[in-house]
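What follows is a set of notes on a single structure, which appears directly below.
The values are calculated or read from the model by the stated rules, or taken from the named source; none is laboratory data. Note that this is a predicted model, so its numbers are computed, not measured. So basically every Cβ, Gly included, is an ideal-geometry build from the backbone, and we count neighbours across all protein chains shown.
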Amino acid sequence: MKSLNELKINEEGIIAVVETDKSIKRRLMDIGFVKGEKVKLILKNFGDNMRAYKIKNTVMALRVSDTKNILIK
């Protein structure tokens with residue numbers, strides 16, 4: 001397994017584990033970052049250390065620091 005922040009542009013992964021503190025984990029789960037969901041990196045390094053991911057036919061921007069604790073297969 002690797003962390004979500006290790007994906008390359010247009011690479012996909014399946015979320016295996018979200019290992020972060022409770023408040024951030026809840027927010028991530030609310031927007032679709034849950035075990036078993038397919039996620040794809042769309043855009044890298046925009047804004048202040050942000051990345052855009054496609055999940056559930058929606059594009060979401062996350063801070064790189066928040067993606068380090070999301071493990072994918």
field: Filter result for Arg26 (out of contact with any strand residue (DSSP E or B) (no Cβ under 7 Å at 6 or more places or on another chain), surrounded by 11 or more Cβ atoms within 10 Å (Cβ to Cβ) and not β-branched (Val, Ile, Thr))
entry: yes
- request: Report, by residue number, each residue of region 1-18 that is in a strand (DSSP E or B) and among the polar types (S, T, N, Q).
  value: Ser3
message: Looking at (1) modelled with pLDDT of 90 or more; (2) among the charged types (D, E, K, R); (3) crowded, with 17+ Cβ neighbours inside 10 Å, which one does Asp66 not meet, given that it meets all the others?
response: (1)
- request: Go through region 19-58 and give me each residue that's in a strand (DSSP E or B) and among the hydroxyl-bearing types (Ser, Thr, Tyr).
  value: Tyr53, Thr58
